[in-house]
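This report refers to the structure that appears directly beneath it.
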Amino acid sequence: MDKLRRLEEHGLTLLRTNMIKRIQNKDEDFYELIGGRNRIALYHEVMSNSFILLHGFIKKRQREAREIDIARSKLHEYQSRRQLP
């Protein structure tokens, strides 16, 4: 996906475009990569300055909150694994 390559190259500067946006009512480091109706929920990990791709979905108003909850659950799983010795 070309947008993933651009995310890798330009990072958070893409917030000035319509390609990435902060997900409302969530953590400040929780974003949505936009590709038409296709979306990828991602998390910006500040300490490693990297993006964690959490969940891809097709944007539908009636399912959007559920899809974001799935991404949030995957983020918590990722963070709990990172804390293991």
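Laboratory data are not the source of any read-out in this text; all were calculated from the coordinates shown. These numbers come from a predicted model, not from an experiment. Heads up, the Cβs are rebuilt from the backbone with ideal geometry, glycines too, and the neighbour counts pull from every protein chain shown.
Of the residues VAL46, LEU14, ILE58, the one whose Cα sits farthest towards the positive end of the charge dipole of the chain is ILE58 (charges of +1 on Lys and Arg Cβ, -1 on Asp and Glu Cβ, taken about the Cα centre). The alpha carbon convex hull volume per residue for the stretch 22-76 rounds to 74 Å³.
Estimated purely from DSSP H runs of n ≥ 4, each contributing -39500 (n - 2.57), the mean residue ellipticity at 222 nm for the chain is -10500 deg cm²/dmol once divided by its residues.
A DSSP coil position with no more than 13 other Cβ atoms inside 10 Å describes the following trypsin sites (Lys or Arg not before Pro) in the chain: ARG37, LYS60, ARG61, ARG63.
Here is the list for the chain: GluC sites (Glu not before Pro) lying in DSSP coil, each with at most 15 other C-beta atoms within 10 angstrom of its C-beta, are GLU28. Extension gain, THR13 to GLU64, is 15.9 nm, computed as 0.36 nm per intervening residue step minus the present C-alpha separation.
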